[in-house]
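This report refers to the structure that appears directly beneath it.
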Amino acid sequence: SQTIHQWPATLVQPVGSPLSLECTVEGTSNPNLYWYRQAAGRGLQLLFYSVGIGQISSEVPQNLSASRPQDRQFILSSKKLLLSDSGFYLCAWSVWGSSTDTQYFGPGTRLTVL
Amino acid sequence: QKEVEQDPGPLSVPEGAIVSLNCTYSNSAFQYFMWYRQYSRKGPELLMYTYSSGNKEDGRFTAQVDKSSKYISLFIRDSQPSDSATYLCAMSGGGGADGLTFGKGTHLIIQP
């Protein structure tokens, strides 16, 4: 069966510090991978998605970046965090080539920028 | 006009009641419809998936799609306190790597 991991679970960082969040998927090959941010009352905001190693599409211009160094690894980064980067960050995967686009979510990382 | 509209709630009902959660959408190309359940401080989990119009039942849960009205529903029978969560609808036209369009979620509270 497939499993998706995210770490850390919780993070408190000062403004201006760097960020690295990691997501890994087990039990599937060549998944589509996604990063979302969920802020209170604002729903899920798609930040990045990837259909393969090194292939990243950005949905929202911001100070965040994403990388996919391995088939089942997806990393969200920032060089300098802003207060507005606080939120609940979710990684998700879907089957490559699926007609349904059904996505499966990880447990999330709660980021607080102070 | 937003692509997917969903009442944020909170919706509070007594235990044992039938719950109706709904979403409306504007994109007629959507043909795959999903419901996710999200407990507080957790990631969303897939609850139900339906294709095109019609009903699908899974235990106490029934998903209903009316494409002519661009309206989808999730019914929960014999609601339990453990059903208290945020329910998100999601939909897609299919085959697009950029994936799903989500509603903002309805916060449901089942009172014991």
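Of everything in region B:59-104 that is within 17 Å of B:GLU5 (Cβ to Cβ) and charged (D, E, K, R), the residue that is surrounded by the most Cβ atoms within 10 Å (Cβ to Cβ) is B:LYS104. The lone criterion from (1) out of contact with any strand residue (DSSP E or B) (no Cβ under 7 Å at 6 or more places or on another chain); (2) surrounded by 14 or more Cβ atoms within 10 Å (Cβ to Cβ) left unmet by A:PRO14 is number (2).
Residues in region A:58-80 that are at pLDDT 95 or above and either of a type in the set (Val, Ile, Thr) or in contact with a His (Cβ under 6 Å, 6 or more places away or on another chain) (or both): A:ILE75 only. Residue pairs whose Cβ atoms lie under 8 Å apart, separated by 6 or more positions or on different chains, with the first residue in region A:55-66 and more than 14 Å from chain B (Cβ to nearest Cβ) and the second aliphatic (A, V, I, L, M) and assigned to a loop (DSSP other than H, G, I, E, B), are A:ASN63/A:LEU81; A:ASN63/A:LEU82.
For region A:67-99, filtering for residues that are part of a strand (DSSP E or B) and either under 24 Å from B:LEU46 (Cα atoms) or free of Cβ contacts under 8 Å to residues at least 40 places away in the same chain (or both) leaves 16. Taking the criterion of being surrounded by 20 or more Cβ atoms within 10 Å (Cβ to Cβ) and either outside any loop (DSSP other than H, G, I, E, B) or aliphatic (A, V, I, L, M) (or both), the residues of region B:1-36 that qualify are B:VAL4, B:LEU21, B:CYS23, B:TYR25, B:TYR32, B:PHE33, B:MET34, B:TRP35, B:TYR36. Within region A:7-29, being under 16 Å from the mean Cα position of the chain (by Cα) and within 15 Å of A:GLN103 (Cα to Cα) holds for A:CYS23, A:THR24, A:VAL25, A:GLU26.
The set of residues in region B:38-58 being in a strand (DSSP E or B) and either hydroxyl-bearing (Ser, Thr, Tyr) or surrounded by 14 or more Cβ atoms within 10 Å (Cβ to Cβ) (or both) consists of B:GLN38, B:LEU46, B:LEU47, B:MET48, B:TYR49, B:THR50, B:TYR51, B:LYS56. Residue count for region A:93-103 satisfying the condition of being buried (at least 21 other Cβ atoms within 10 Å of the Cβ), within 8 Å of chain B (Cβ to nearest Cβ) and either closer than 18 Å to A:GLN6 by Cα or small (Gly, Ala, Ser) (or both): 2. In region B:33-53, the residues that are more than 7 Å from chain A (Cβ to nearest Cβ) reach residues that are in a loop (DSSP other than H, G, I, E, B) and charged (D, E, K, R) with C-beta atoms within less than 8 angstrom, at least six apart or across chains, in these pairs: B:SER52/B:LYS67; B:SER53/B:LYS67. Quick one: is A:LEU11 more than 19 Å from A:TYR104 (Cα to Cα), in a strand (DSSP E or B) and within 14 Å of chain B (Cβ to nearest Cβ)? It is true that A:LEU11 is more than 19 Å from A:TYR104 (Cα to Cα), in a strand (DSSP E or B) and within 14 Å of chain B (Cβ to nearest Cβ). Within region B:59-112, being over 13 Å from the mean Cα position of the chain (by Cα), more than 14 Å from chain A (Cβ to nearest Cβ), among the hydrophobic types (A, V, I, L, M, F, W, C) and under 28 Å from A:LEU46 (Cα atoms) holds for one residue alone: B:ILE109. Evaluated against (1) at pLDDT below 95; (2) in contact with a strand residue (DSSP E or B) (Cβ under 7 Å, 6 or more places away or on another chain), B:LEU46 falls short on exactly one condition, (1).
The values are calculated or read from the model by the stated rules, or taken from the named source; none is laboratory data. All figures in this text were calculated on a predicted structure; none of them were measured in a lab. So basically every Cβ, Gly included, is an ideal-geometry build from the backbone, and we count neighbours across all protein chains shown.
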